[in-house]
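Peer 1: Supplied in structure tokens, the structure appears directly below.
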Amino acid sequence: MQLDGLHHITMITGDAQRNVDFYAGLLGLRLVKKTVNFDAPEAYHLYFGDEHGSPGSLLTWFEFAGATPGRAGAGMIHRIQLGVPSEASLDFWEQRLGERGYSSERSQDTLAFADDDGLGLELVVADPTNPPLRAAHGPIPPEHALTGVEGARAYVGRDLHADRALLLDTLGFSARSTPGAYRLQGPTRGVNWTYEPSDRHGIQGAGTVHHIAWHSADADHVAWQQRAAAAGMRVTPVIDRDYFRAIYFRQPQGILFEIATTSPGFATDEDPAHLGEELRLPTQHEHLRPQLERTLRPLTNPRSAHAQATR
Ligand code: ZN
């Protein structure tokens, strides 16, 4: 039994339209689902990823409209690493970001910048063993399109190693040469997972990460729940999130981990050619549709405009 790398990472944004403009318009990801927060249905939950919404490519946001900016601190992820095909792609992205007024910091093999909420992002040349997970019809030439999540970095307190046994013995991560650096390599994808010491007190808010989800085969999901519980984690029951099933637990340094299944995926309630176009509501909130369609601010997807311009 092996986790297959990352499933998704979920953040908080203060402005859903600005978020769509940045991730679909500027970065060229596909908005694969426009739905609402299960626990707060008056708020958007947006999913971005590759053309199919594949695990490993997914970044998702809860919108809390007008939320004040948060700050990453101990027990929080502060930077997400996204893959690009080559070093030439880093040049392409440095120029594209600059033309649109975003400053970035280039090193030999990375390009660091932040989104409009202040979330730290870093483009890295993708690990050659990770199959590219691209959005196909975006504004970005395929040779430079983002290829999925390559890693994430989190602040933990002074004890870098508090969850070492959980990662290595329970979840199947391997340790890399740098202290606090791990890799979760699955049958089809791998992801880097890195800790840095920080005692700074974090504040949840716009631009911060809410949780990270690892990817489980459907058949193994309950066994992962049992295994995490046996390792002393307080694990939730299996929760149906409509597009996957999920369990959650907080690891010893305070980071919220989720383990999510492959199925049923994002084409379960929309035609694959039209993912993300209509507002989808969880079944238990469908009765709120008339109200939500009045109160949720309509979103314009730059992909629709791009598709029309190139038709
Ligand atoms: Zn999640």
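A quick yes/no check of all residues on (1) surrounded by 15 or more Cβ atoms within 10 Å (Cβ to Cβ); (2) without any contact (Cβ under 8 Å) to a residue 12 or more places away in the chain; (3) under 21 Å from the mean Cα position of the chain (by Cα):
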{"residue": "231", "(1), (2), (3)": "yes, no, no"}
{"residue": "234", "(1), (2), (3)": "no, no, no"}
{"residue": "244", "(1), (2), (3)": "yes, no, yes"}
{"residue": "249", "(1), (2), (3)": "yes, no, yes"}
{"residue": "253", "(1), (2), (3)": "yes, no, yes"}
{"residue": "258", "(1), (2), (3)": "yes, no, yes"}
{"residue": "271", "(1), (2), (3)": "no, yes, no"}
{"residue": "275", "(1), (2), (3)": "yes, no, yes"}
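Peer 1: Follow-up. Out of region 20-47, which residues are under 11 Å from residue 134 (Cα atoms) and part of a strand (DSSP E or B)?
Peer 2: Answer for region 20-47, where residues must be under 11 Å from residue 134 (Cα atoms) and part of a strand (DSSP E or B): just 30.
Peer 1: Condition check: within 13 Å of the ligand (Cβ to nearest atom) and either at pLDDT 95 or above or farther than 19 Å from residue 274 by Cα (or both). Does residue 31 satisfy that?
Peer 2: In short, no.
Peer 1: Restrict the check to region 162-170 and report whether at least one residue is farther than 30 Å from residue 95 by Cα and touching a strand residue (DSSP E or B) at 6+ places or on another chain (Cβ under 6 Å).
Peer 2: Yes, region 162-170 contains at least one residue that is farther than 30 Å from residue 95 by Cα and touching a strand residue (DSSP E or B) at 6+ places or on another chain (Cβ under 6 Å).
Peer 1: Shifting gears a bit: So if I check each of 4, 50, which one is under 30 Å from residue 103 (Cβ atoms) and among the acidic types (Asp, Glu)?
Peer 2: None of the others qualify; the one that does is 50.
Peer 1: Return yes or no: is residue 266 closer than 19 Å to residue 47 by Cβ and either within 14 Å of the ligand (Cβ to nearest atom) or among the acidic types (Asp, Glu) (or both)?
Peer 2: In short, yes.
Peer 1: How about region 107-156: which of its residues are polar (S, T, N, Q) and surrounded by fewer than 22 Cβ atoms within 10 Å (Cβ to Cβ)?
Peer 2: Listed by number, the residues that qualify are 107, 108, 110, 129, 130.
Peer 1: Looking only at region 87-104, decide whether some residue is among the aromatic types (Phe, Trp, Tyr), at pLDDT below 95 and assigned to a loop (DSSP other than H, G, I, E, B).
Peer 2: No - not one qualifying residue is present in region 87-104.
The values are calculated or read from the model by the stated rules, or taken from the named source; none is laboratory data. Fair warning: this is a prediction, and the values are worked out from it, not measured in the lab. In this analysis, Cβ positions are derived from the backbone assuming ideal geometry, glycine residues included, and neighbour counts consider all displayed protein chains.
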